[in-house]
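The structure appears right after this line, and notes come after that.
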Amino acid sequence: MKPKMNQLSRKIISFAGKKLFFVALVAIFITSNAFAGGEGENKKAASSLKKEFANAQNIAWKVTPNYIKASFTWNGQQLEVFYNNAGETIAESRIINAGNIPLKAQQYIQKKYPDYKIAEAIEYNNEESGISYYVSVIKGNEKIILQVSTQGDVSIYKP
């Protein structure tokens, strides 16, 4: 009886092993196909980043269905570059000194928000709409994000 049990055990193990191997192959195939497009798109964006910002450091990538974002340091500046799926630049942003926004906007913010502190200023350059600025002002627990045009017009940013 023992030899028959050993044979049966071997057949079951062999069959289960083949099934497991097949399942593993299918899983690998599905996984590689699911990520192939994202990796290819990311490679295009990485190539574009390398061409545009050769000395970029501390690069962090974020891939979404709508864009690919690279956050990094370049020449002492904190930058973010947004790419489409073809690896083409669609927007760039960088943290700037609040003194670099248009004077008209600085005056408006100082007059309209005298008790607020400027926490951050960002220059945003979109391929379609051009340059605009975003300024975060804080008073206590209240934070307001202002959108500033290159002409110095200020409005509250509503995403």
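The values are calculated or read from the model by the stated rules, or taken from the named source; none is laboratory data. What you see is a predicted model; the values in this text were computed from it and never measured. Positions of Cβ are backbone-derived with ideal geometry, glycine not excepted, and every protein chain shown enters the neighbour counts.
Among Phe53, Phe15, Phe82, which is the only one that is farther than 19 Å from Glu127 by Cβ and either surrounded by 10 or more Cβ atoms within 10 Å (Cβ to Cβ) or modelled with pLDDT under 95 (or both)?
Just one listed residue meets the conditions, Phe15.
Please verify whether Lys62 is basic (Lys, Arg), without any contact (Cβ under 8 Å) to a residue 12 or more places away in the chain and either touching a Lys or Arg at 6+ places or on another chain (Cβ under 9 Å) or within 18 Å of Glu123 (Cβ to Cβ) (or both), treating the condition exactly as stated.
So Lys62 fits the description; yes.
So, of the residues in segment 127-140 that are modelled with pLDDT under 95 and of a type outside the set (Gly, Ala, Ser), which turns out to be farthest from Ser93 (Cα to Cα)?
Glu128
I'd like the full set of residues that are under 25 Å from Phe82 (Cα atoms) and touching a Leu at 6+ places or on another chain (Cβ under 9 Å), limited to segment 97-136.
Listed by number, the residues that qualify are Tyr133, Tyr134, Val135, Ser136.
How many of the residues making up segment 95-142 are in a strand (DSSP E or B), surrounded by fewer than 12 Cβ atoms within 10 Å (Cβ to Cβ) and over 23 Å from the mean Cα position of the chain (by Cα)?
So the count comes out to 2.
Residue by residue through segment 51-89, note down the ones that are outside any strand (DSSP E or B), of a type in the set (Ser, Thr, Tyr) and within 19 Å of Ile131 (Cβ to Cβ).
Tyr67 - this is the single residue of segment 51-89 that is outside any strand (DSSP E or B), of a type in the set (Ser, Thr, Tyr) and within 19 Å of Ile131 (Cβ to Cβ).
Which condition does Gly87 not pass, out of (1) at positive phi; (2) exposed (fewer than 12 other Cβ atoms within 10 Å of the Cβ), if it passes all the others?
Exception for Gly87: condition (2).
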